[in-house]
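*Asks:* Handing you a structure now.
No lab work stands behind these numbers, since they all come straight from the coordinates. From a predicted model like this one, the values you see are computed outputs, not experimental measurements. Virtual Cβ from ideal backbone geometry, glycine too; neighbours counted across all protein chains shown.
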Amino acid sequence: MIEFRGVNKWFGALHVLKDITLSVEPREVVVVCGPSGSGKSTLIRCINGLETIQNGDLVVDGQRLGDRATNMTELRTEIGFVFQAFNLYPHKTALENVTLAPIHVRKIARAEAEASGREMLAKVGLADKFNAYPSELSGGQQQRVAIARCLCMRPKIMLFDEPTSALDPEMISEVLDVMVGVAEEGMTMMVVTHEMGFARKVAQRVVFMDAGAVVETGTPEEFFSDPKTDRSRAFLSKILRH
Amino acid sequence: MLENFSFRTIVEYLPLFGQGFAATLWLSIVSFAGALAVGIILCAMNLQRSRLLQLPAKIYIDAIRATPLLAQLYFLYFGLPRLGVVLPELFVGILALALNSGAYIAEIIRAGILSISRGQVEAGIASGMTYAQRMRLVILPQAIRVTIPPLLGQAIVLVKDSALLSLISVAELTRAGQLLASDRFMPAEGFLTTAACYLVLYYGLKSLAAFSARWLGVRPIGSRT
Amino acid sequence: MIWFQLQSLIGSYPLALRGLGMTIALSGISLVLGTILGFALGVLRTSGSRMLDSIIGLWVDLIRGTPFLVQIFLIFFILPELGVELGAFTAGIIALTNLAACFICEIVAAGIRSVPTGQVEAALASGLSQWQRMRQVVLPQAMRVSLPPLVGQYVLLIKDSSVVSAIGLTDLTRVGWLVVQRVPNGLLVFAIVGIGYFVVCYPLILLARRLERRMSAAHGEVQL
């Protein structure tokens, strides 16, 4: 579903992705972790073209990024992206936020889009917030709207860029619960997060990155009980202490 | 001293000031509408990637900002006939005001658009919107809210700038004051009345700007009042 | 025809230089005086006295609410009636200085208000006097916010100085007006006048932009 082959990226002189080779199968849930600045956000931002790669191959849903034949705008409709800072549209209500792209990008009839929007908002536990503006919602609620906004596009892949790190601690679980629900329905997911509980529960694989390179991959059990490198051990000892 | 200050003469000239007030009001409205059009076009050009479109807009905006309105007004007033375009003074004045304010409005709109956070743009990109869709659905609706208060600020500037049209004999508010001053040798009566009329317009627009800022829930960004 | 006009224009060269000199003198003197007065008014406005604040606020509003042309006429024609004899140059300086002071007062006051109260409290806690607090803590931080709009304001004032040509001062704009009576090519004459202003104003505009960019260096240009 997603395949990196020898991908490199630089920001100016800074080598942010070093020779990444990695593939994600359909219906697989992969958690990406690593210290800040390790390139994990950049990695998933490349998948929907928010960042461009300089060399190597990146194939998403059978289409090679950067090919003339690949229509990025169309490909993006198949990929949901959840941001750390939610990025809800402040001038739109929750329901308008989740129906905007279906109506204007997917060209779905308004009534139909609104019906599915209500259904998705209800699914993330916000049946009573259809007409609330983002400023009237808590961080956890905003992030759940953002997830519903992606689901309304019926994507094949969902990407999450540190979805809980901007949240107050008491709101983290409500968002993680929704994400677990999405994973259990068989969505292909790549999640940048330090929430190891989430990784244990639903991830098939954990990818550990450091300094722009993939240092270690393994099942959650392998990774947490028997990390193979010094860097991953150091990282785990830091985050698990909290 | 001003012990001879004559309210009676002012009352006598009130119809003239009424006409001047009306003229200043409507020529400002027409000029502002023109300036909005000029500003939107310039801003659209300025935001393009193509240098071919960007550069003329940038040069125009800088040229306008670095030269006085009065020189621009004379440029058109003395220059247009040279090109075979003979317009009434009033039209020349409106044209000058629109072309001048348009450059400032372009910058106000640009600042409004650039004030929208990168995350909003990315959210649009990520859901597969085209550039035009992001502009129309995500950026402009938010940008318009933040630009309305500074646009009203620019309207205040434009109303005051329109006083310069009196120097090419357009019959407006300042011209009315000049007439009273020169007909009766009463500059105090003439110009104080003129000033009072402008203050009415100023306070009107200022409270509108404050009201709109509160209503839209935004703090005004840099305006040129 | 054009050749004849160009010759005639070159003949106006000394007049043009005098005009440019007048524009620079007028704006230079008023900028300095206006800046000093504006800073003083700005500090007074934020000094905590409600009465001072509203008196200055009212005056600033009166000046901001009326066209500069009308202000010049008022000063030039009415001060003599009150027994103050003054020439066009003095009237121009007074009008421009007053205008500058009012706008700069607002910029400085806004800068001072932007300094967090915690800064003042910290200065209070370490026993600085009111003057020391202003001088050592508040003004330096206020300046960072005020500098870009201050430079922008200078550009506006140089341009506003063109309006004094209306009371007969031979500044750059007035020179254009005089020349165009002899050389009937308004496009050419006022394009040259425009270049004169551009040479003075554009470097200041660039400076204001650089200062602004340095202040908001954290925010990159947004891709749309």
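*Asks:* Return, ordered by residue number, the residues of region C:45-87 whose backbone nitrogen is under 16 Å from a label point located 7 Å along Cα→Cβ of C:Leu128.
*Replies:* Counting backbone N atoms under 16 Å from the label point, the list is C:47.
*Asks:* Could you give the distance between the Cα centres of region A:47-99 and region B:23-46, to the whole Å?
*Replies:* 38
*Asks:* Report the calculated FRET efficiency for A:Glu51 and B:Tyr203 (r = Cβ-Cβ distance, R0 = 41 Å), to the nearest 0.05.
*Replies:* Details: r = 51 Å, r/R0 = 1.25.
Efficiency for this residue pair is about 0.20.
*Asks:* Can you compute the label reach from C:Leu206? Point 7 Å from Cα along the Cβ direction, backbone N cut-off under 20 Å, restricted to region B:33-67.
*Replies:* Under 20 Å, as judged by backbone N against the label point of C:Leu206, lie B:54-67 of region B:33-67.
*Asks:* So how do A:Leu240, B:Leu216, A:Leu100 line up by other beta-carbon neighbours within 10 Å, fewest first?
*Replies:* Details: A:Leu240 10, B:Leu216 15, A:Leu100 23.
Final ranking by Cβ density, sparse to dense: A:Leu240, B:Leu216, A:Leu100.
*Asks:* Also, quick follow-up: Just from its helices, what would the mean residue ellipticity at 222 nm be for the protein assembly as shown, if runs of 4 or more DSSP H residues each count -39500 (n - 2.57) and the sum is divided by every residue, rounded to the nearest 500 deg cm²/dmol? Could the numbers behind the result be given before it?
*Replies:* Numbers: 26 runs with 425 residues, N = 691.
The per-residue figure over the protein assembly as shown is -20500 deg cm²/dmol.
*Asks:* Tell me the GluC sites (Glu not before Pro) within region C:76-167 that lie in a loop according to DSSP and have at most 10 other beta-carbon atoms within 10 Å. The partial results should precede the final answer.
*Replies:* Details: sites: C:Glu81, C:Glu85, C:Glu106, C:Glu121; in loops: C:Glu85.
Of the GluC sites (Glu not before Pro), the ones in loops of region C:76-167 whose Cβ has at most 10 other Cβ atoms within 10 Å are C:Glu85.
*Asks:* Could you tell me the distance between the Cα centroids of region C:84-151 and region C:174-197, to the nearest Å?
*Replies:* Centre-to-centre (Cα) distance: 38 Å.
*Asks:* Using a 10 angstrom cutoff on alpha carbons, build the Gaussian network for chain B and name the most mobile of B:Ala155, B:Ala196, B:Ala35.
*Replies:* B:Ala196
*Asks:* Neighbour counts of other C-beta atoms within 10 Å: give me A:Cys33, A:Cys152 arranged from fewest to most. If you can, show how the numbers build up before the last one.
*Replies:* Numbers: A:Cys33 23, A:Cys152 26.
Fewest-to-most Cβ neighbours within 10 Å comes out as A:Cys33, A:Cys152.
*Asks:* Amide H neighbours of A:Arg154 under 5 Å, counting only residues 5+ apart in sequence or on other chains, H built in-plane at 1.01 Å?
*Replies:* Counting only residues 5 or more places away or on other chains, the set is empty.
*Asks:* From Cα pairs below 8 angstrom and at least 6 apart in sequence, can you work out the relative contact order of region B:65-167, rounded to a whole percent?
*Replies:* Details: 55 pairs, mean separation 34.1, N = 103.
Here the relative contact order equals 33 percent.
*Asks:* Something else now. Counting other C-beta atoms within 10 Å, which of C:Arg210, A:Arg231, A:Arg76 has the fewest, and how do the rest follow? Don't skip to the answer; put the middle values down first.
*Replies:* Numbers: C:Arg210 12, A:Arg231 19, A:Arg76 25.
Going from sparsest to densest Cβ surroundings: C:Arg210, A:Arg231, A:Arg76.
*Asks:* Could you work out the per residue convex hull volume over the alpha carbons of the protein assembly as shown, in cubic angstrom?
*Replies:* On the way: hull volume 151.0 nm³, N = 691.
With only Cα atoms used, the protein assembly as shown gives 219 Å³ per residue.
*Asks:* Using Cα-Cα distances under 8 Å and only pairs 6 or more residues apart, what relative contact order does chain C have, in percent? Spell out each step's value before the answer.
*Replies:* Details: 222 pairs, mean separation 63.6, N = 224.
It rounds to 28 percent for chain C.
*Asks:* Among the trypsin sites (Lys or Arg not before Pro) in region B:1-76, which ones are in a DSSP loop with at most 15 other Cβ atoms within 10 Å of the Cβ? Mind listing them? Walk me through the numbers on the way to the answer.
*Replies:* On the way: sites: B:Arg8, B:Arg49, B:Arg51, B:Lys58, B:Arg65; in loops: B:Arg49.
Taking region B:1-76 and a limit of 15 other Cβ atoms within 10 Å, the loop trypsin sites (Lys or Arg not before Pro) found are B:Arg49.
*Asks:* Which of A:Lys9/A:Lys40; A:Lys18/A:Lys201; A:Lys92/B:Lys206 have a Cα-Cα distance over 21 Å?
*Replies:* Long pairs (Cα-Cα over 21 Å): A:Lys18/A:Lys201; A:Lys92/B:Lys206.
*Asks:* For the protein assembly as shown, give the share of DSSP beta bridges that are antiparallel, in percent and rounded to the nearest 5; count only bridges with both residues there.
*Replies:* Values: 19 of 36 bridges.
Counting only bridges with both partners in the protein assembly as shown, antiparallel ones make up about 55 percent.
*Asks:* If you don't mind, another one. Where a Cα-Cα gap under 16 Å defines reach, which aspartates and glutamates qualify for C:Lys159, not counting those fewer than 8 residues away within the same chain?
*Replies:* B:Asp62, B:Asp161, C:Asp171
*Asks:* Out of every Cα pair in region A:1-66, what percent are spaced more than 15 Å from each other? The partial results should precede the final answer.
*Replies:* Details: 1060 of 2145 pairs.
So the portion of pairs separated by more than 15 Å is 49 percent.
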